[in-house]
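Here the structure is laid out as structure tokens; the discussion comes afterwards.
The values are calculated or read from the model by the stated rules, or taken from the named source; none is laboratory data. All figures in this text were calculated on a predicted structure; none of them were measured in a lab. Note that we place each Cβ from the backbone using ideal geometry, even for glycine, and neighbour counts take in every protein chain shown.
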Amino acid sequence: MIFQTSVLLITFFITIIVAIIIIPILKKMKVGQIERDDGPQSHLKKQGTPTMGGLIIMISMIIGVTISYFYYTIQGQSQIAQKLLPILCLTMGFGIIGFIDDFKKLVLKNTKGLKPSYKMLGLLVISVAYVIFLVKGLNLGTETYIPILKTYIDMPIWVYIPFAIVVILATTNAVNLTDGIDGLSSSVCSIIIACLSVIAISTDTLEMSTFGSVVIGATLGFLMFNLHPAKVFMGDTGSLLLGGVISSMALYMKIPLLLIVIALIPVIETLSVIIQVAYFKKTGKRVFKMAPIHHHFELSGWKESKVVIVFSLITLILCFIGIAII
């Protein structure tokens, strides 16, 4: 617990330093946010704000995990150290897919970015690699914990693999949709990852509690520059990375079903988009003023800071519930 707290704080301060270096570079490259004309009018002033800031989180995670790797190696806990690097590499894969998308849109000025089919294929390949790593590389098996019932079910391998892949793809896309207001995704994700890290500590899963602590430090450090008014946005680079981290941690600890509770805000954000699109196609009318749902509240008169505070408080309460039913 002492080391987890230390590496969280170390990564937090490293992230602040990295952000101070990276943000001016992004400004010079004119890697600016592109706002929708049909979105909230208050967002138009954000046009040009540096994005692709997920790079800050990625760099800080690499440094934090590297520090952790050497610490556990020196302590003679090489098994823990050796598990950290593959987890880091696989979760970084999600951020790299987001980075390619951001790079094409913002640097190469290709407004369409990475083709959706290529993007989904990339996420799918990394998801398959991670699930195979868990099942075959670490021999963690296919047991999945059922909250409330407090029991495990052992899924057939042919059921578990597609199930786990769906969990990863759904989570990454849900977090991606949640990223639309200053500080929203980084706030909600840091709370969810903190919840998963607490569970890892309680179950003595050192590699996950350490990895989670590194990500919390990196995300909170980034949040210092992402709060309203944001000086930088994470872009797909950050949102896909954090979605990958959340799903990866949950699957590693065999608690993916708990995400329905603790990650309810990203779930609702996703459902709001699905409902909006389906209803509009059928009736030509909208259920929400704008989807994802955080924009609906904005257009209903809520300030960005209020949306972030309310959604974060809801997530915090849900995480306490999640820990209670685990």
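Laid out as a table, the results:
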item	result
Those residues of segment 282-312 which are under 19 Å from S185 (Cβ atoms), part of a loop (DSSP other than H, G, I, E, B) and of a type outside the set (F, W, Y), in sequence order	M290, A291, P292, K303
Single match in S213, S190 (criterion: modelled with pLDDT of 95 or more, touching a Leu at 6+ places or on another chain (Cβ under 8 Å), surrounded by fewer than 24 Cβ atoms within 10 Å (Cβ to Cβ) and in a helix (DSSP H, G or I))	S190
Residues within segment 296-311 that are surrounded by fewer than 18 Cβ atoms within 10 Å (Cβ to Cβ) and either in contact with a Lys or Arg (Cβ under 7 Å, 6 or more places away or on another chain) or among the small types (G, A, S) (or both), tallied	4
Subset of segment 313-326 [among the aliphatic types (A, V, I, L, M) and either surrounded by fewer than 16 Cβ atoms within 10 Å (Cβ to Cβ) or part of a helix (DSSP H, G or I) (or both)]	L313, I314, L316, I317, L318, I321, I323, A324, I325
One residue from I293, I265 being touching a Phe, Trp or Tyr at 6+ places or on another chain (Cβ under 8 Å), crowded, with 22+ Cβ neighbours inside 10 Å, over 24 Å from V31 (Cα atoms) and among the β-branched types (V, I, T)	I265
Condition check for Y130: part of a strand (DSSP E or B), on the phi < 0 side of the Ramachandran plot and modelled with pLDDT of 90 or more	no
Single residue of Y145, Y152 found to be surrounded by 13 or more Cβ atoms within 10 Å (Cβ to Cβ), closer than 18 Å to L258 by Cβ and more than 25 Å from the chain's Cα centre (by Cα)	Y152
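Per-residue answers, yes or no, for (1) at pLDDT 90 or above; (2) more than 30 Å from W302 (Cβ to Cβ); (3) of a type in the set (K, R); (4) surrounded by fewer than 21 Cβ atoms within 10 Å (Cβ to Cβ):
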| residue | (1), (2), (3), (4) |
| --- | --- |
| H43 | no, no, no, yes |
| Q47 | no, no, no, yes |
| I59 | yes, yes, no, yes |
| P86 | no, yes, no, yes |
